[in-house]
Amino acid sequence: MTWATFVGAGIVGVLLWRRARSAGARSAGGRVNGGKVFLVGAGPGGADLLTLRACECIRRAEVLVVDDLVHPEILRFKPSGCAVIGVPKRGGPNAPKTPQSSINELLVHWCATMGKRVVRLKGGDPLIFARVWPEMLALREAGCAFELVPGITSALAAPCAVGIPLTEKALGTSLTIVSGHAGLAGEDFGVLAQSDTLVVLMGTRKLRVICEGLLAGGAPAARPVAIVHACYRPEQRLLKGTLGDIADQAEGQALSPAIIVIGNVAAFAQDE
């Protein structure tokens, strides 16, 4: 399935949802019985990094609600007749964004109203910066059955892809994982600067702010930094530097999606 087809399928899915809702497609009790939602982590790359449980959920799905960071290869496991609804939610001023409230409504509709077996596919792990909590709350409020299925988070997979031992005994006895979406706004840079190893998700657009904050918090300019773009995908690449120079190296480069590893263990990164 191409991305154009994927997006088109998402538009069709939303139109079908709106049509069914306006037609009042419900049972006498207000719902069709038997629906269930599976909140599934698809991992950071292709199908070979799926868990067996995730693969089973996809194979039995009637509706797939899919983030745009999910590798297209994974969709080959869906059964014939399964509807695919794309719900992109990327950072950046011009990136496509599906409101979280719309995603919540989609899940509740296909489960509670239509009684379908719904798989909500998220890149990485659904519980690591994947906005799964609002979906869980919406499903609970609607009385929808759901199941959480873990996946491999990019916070661990990206360092693995380039050979970074996050907790190497002599260099990395503490590990901190943070979201860099807002440039670590509200975080204590003095505390973060003391972490042996810092893993930053969604931080490339705020890279300079993050580096400057850590330097101001007391981290040395020579502290190694590794940025891993698109781990476990054909376009994977590695950018290495230090807190003092990595922002200049990354200037003007399209690095998202990427994981930033800051700490002495980042010096071990190799792009093989």
In the Gaussian network model of the chain, springs joining C-alpha atoms below 10 Å, which of Leu52, Leu214, Leu121 carries the largest mean-square fluctuation? Leu52
Other residues with Cβ under 11 Å from the Cβ of Val228 give, with Lys and Arg +1 and Asp and Glu -1, a net charge of +2
Have a look at the DSSP beta bridges in the chain and tell me what percent are antiparallel, nearest 5. 45
What residue among His109, Ala130, Gly45 has its Cα farthest toward the positive end of the dipole of the chain, where the charges are +1 on Lys, Arg and -1 on Asp, Glu, each on the Cβ? His109
Between the helical axis of 3-23 and the dominant principal axis of the chain, each derived from Cα atoms, what acute angle in degrees is found, rounded to the nearest 10? 40
Residues with amide H under 5 Å from that of Lys36, placed H, sequence gap 5 or more: Lys116, Arg117, Val118
Is there a quick way to get the dipole size of the stretch 155-268? I mean about its Cα centre, with the Cβ of Lys and Arg at +1 and of Asp and Glu at -1; what is the value in debye to the nearest 20? 240
Net charge over other residues, Cβ less than 11 angstrom from the Cβ of Ile246 (K, R count +1; D, E count -1): 0
Looking at the chain, which longest stretch skips every one of the trypsin sites (Lys or Arg not before Pro) that is in a DSSP loop with at most 16 other Cβ atoms within 10 Å, leaving the sites themselves out? 170-272
What is the set of long-range amide H partners of Thr98 at a cut-off below 5 Å, with H atoms built 1.01 Å from backbone N? Lys89, Arg90
Tell me, what HN-Hα J-couplings in whole Hz come from the Karplus equation 6.51 cos²θ - 1.76 cosθ + 1.60 at θ = phi - 60° for each residue of the stretch 151-159, using x for Gly and Pro? x, 7, 6, 5, 4, 9, 6, 4, x
To the nearest 10 degrees, how steep is helix 132-141 against the longest Cα principal axis of the chain, on a 0 to 90 scale? 30
Estimated dipole of the chain in Debye, rounded to 20 [Cβ of Lys and Arg +1, of Asp and Glu -1, Cα centre]: 1360
Residues with beta-carbon under 14 Å from that of Val200, excluding Val200: net charge, scoring Lys, Arg +1 and Asp, Glu -1? +2
Straight-distance crosslink candidates among lysines, where the alpha carbon sits under 16 Å from Lys116 and sequence neighbours closer than 8 are dropped: Lys36, Lys78
Label-point separation, Val191 to Asp48 (7 Å along Cα→Cβ), nm: 4.0
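If you take every DSSP beta bridge fully contained in the stretch 155-268, what fraction is antiparallel? Give it as a percent rounded to 5.
In the stretch 155-268, approximately 75 percent of DSSP beta bridges are antiparallel ones.
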Residue span Glu147 to Ser102: 0.36 nm per residue of separation minus Cα-Cα distance leaves a gain in nm of 14.2 nm
Given the Cα-Cα distance of Ala216 and Ser179 and 0.36 nm per residue of separation, how much length would full extension add, in nm? 11.4 nm
What are the ³J(HN,Hα) values, in whole Hz, obtained from phi via the Karplus relation 6.51 cos²θ - 1.76 cosθ + 1.60 with θ = phi - 60°, for each residue of the stretch 247-260 in sequence order, with x given for Gly and Pro? 5, 5, 4, 7, 3, x, 8, 8, 10, 6, x, 7, 10, 10
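If you take every DSSP beta bridge fully contained in the stretch 61-164, what fraction is antiparallel? Give it as a percent rounded to 5.
Given both bridge residues lie in the stretch 61-164, the antiparallel proportion sits at roughly 10 percent.
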Residue-averaged 222 nm ellipticity for the chain, from DSSP H runs of 4+ at -39500 (n - 2.57), nearest 500: -8000 deg cm²/dmol
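Since every read-out is calculated from the coordinates, none of them should be taken as a lab result. Worth saying up front: this structure is predicted, and the values here are computed from it rather than measured. As a convention, Cβ positions derive from the backbone with ideal geometry for all residues, glycine included, and neighbour counts pool all protein chains shown.
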